[in-house]
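Readers should treat all values here as calculations from the given coordinates under stated rules, not as data from a laboratory. These numbers were taken from a predicted model, which means no experiment stands behind them. We place every Cβ from the backbone using ideal geometry, glycine too, and count neighbours over all the protein chains shown.
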Amino acid sequence: MFFDTETTGLDCINSRIIELAMFTLEDGVITEEYDKFIKIDEPIPPKITQITSITDEMLNSEGVPEEVIADDLKQRLTADTLMIAHNTPFDLSFIYYLLKRHFSDEADEIVANLNWLDTYTVFKDRKAYPHKLIDAVHYYGIEEVNFHRAIDDTKALYEVTKALKNERDDLYEYINVFGYNPKYGVNGMKFSFIEYKAQYYCNSLRPSDEILPRK
């Protein structure tokens, strides 16, 4: 499942998801495209609207209550599903707290029973800085989308993941491994089912015996 979130800020505890997009892939075929706005009980910060073009009016007219999203996630996030995002630690933490607010007794088990792949970590092992999703899109010659909208970012993420796999088929090595900048340490939440490894910037594709998970 490829997924992305747009949020009201960077704090996963006090900020909220305002858009959630997911592509479900089974046996190489996209079986569901999911994209929903989420109603929140506070105005969207002007800076977020400027970045995402998502407005309060859009959430009020097209959004659904957060409990609907929580139930949708609970139904779809079945054990052993591989969850793929770019900067997964960020999106994982927001998904976790959304579930925690509505399924407090089950949230930990739901996220722990999934597998997580961070394409940002993979990309950092292969290319020079910078490493945002748009940088990966440019590097691999993928058609640009409307970045900072979750559904479009998810489409770009899907293409980037295919490009990474075609470049070298070792993505399975990075499952449940998140790299972090040792200068700053791990930002945000740490989860017991994830292995966090210090990752230094490189200027080219690392040799296969030196990729982050094998260090």
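General remarks:
- Whether the range 149-215 is rounded, prolate or oblate, judged on the alpha carbon gyration tensor where a/c under 1.5 counts as rounded: oblate
- Packing-based ranking, highest mean first, of 113-122, 73-82 given that Cβ atoms within 10 Å are counted: 113-122, 73-82
- Charged-residue dipole, Cβ positions (Lys, Arg, Asp, Glu), the range 1-125 about Cα centre, Debye nearest 20: 320 debye
- Pairwise centroid distance, computed over Cα atoms, of the range 1-44 with the range 176-210, Å: 24 Å
- Angle in degrees between helix 88-102 and the longest Cα principal axis of the chain, rounded to the nearest 10: 30 degrees
- About the centre of its Cα atoms, the chain shows a dipole size close to 1020 debye [charges on the beta carbon of Lys, Arg (+1) and Asp, Glu (-1) only; nearest 20 debye].
- Helices in the chain, meaning DSSP H runs of at least 4 residues, each add -39500 (n - 2.57). Divided by all residues, the mean residue ellipticity at 222 nm is -10500 deg cm²/dmol.
- Amide H within-cut-off set for residue 18, under 5 Å, with H built and near neighbours excluded: 6, 7, 8
- Hits among lysines - C-alpha to C-alpha of residue 197 under 17 Å, sequence gap 8 or more where chains match: 124, 183, 215
- Taking every alpha-carbon pair under 8 Å whose residues sit at least 6 apart, the chain reaches a relative contact order of 20 percent.
- For the residue pairs 100/165; 36/100; 36/155; 74/100, the alpha carbons lie more than 23 Å apart in 100/165.
- Calculated Rg and Dmax of the range 13-72 using C-alpha coordinates, Å: 13.4, 41
- DSSP beta bridges in the chain [antiparallel fraction, %, rounded to 5]: 60 percent
- Potential lengthening of the chain between residue 139 and residue 13 amounts to 42.0 nm, from the contour at 0.36 nm per residue minus the alpha-carbon distance.
- Nearest-ten-degree value, helix 150-167 long axis tilted from longest Cα axis of the chain: 20 degrees
- In this structure, the amide hydrogen of residue 39, modeled 1.01 Å from its nitrogen in the peptide plane, lies closer than 5 angstrom to those of 64, 66, counting only residues at least 5 positions away or on a different chain.
- Nearby aspartates and glutamates by direct alpha-carbon distance to residue 190 (threshold 16 angstrom, same-chain neighbours under 8 apart not counted): 11, 91, 108, 109, 118
- Long-range Cα-Cα pairs in the range 95-213 (distance over 18 Å), rounded percent: 58 percent
- Inter-site label distance for residue 171 and residue 129 at 7 Å from Cα along Cβ, in nm: 2.7 nm
- Size of electric dipole in the range 57-185: Cβ of Lys, Arg +1 and of Asp, Glu -1, about Cα centre, debye, nearest 20: 540 debye
- The angle between the Cα long axis of helix 66-76 and the longest principal axis of the Cα atoms of the chain comes to about 40 degrees, rounded to the nearest 10.
- Once C-alpha pairs closer than 8 Å and six or more residues apart are averaged by separation and normalised to the residue number of the range 19-100, the relative contact order reads 22 percent.
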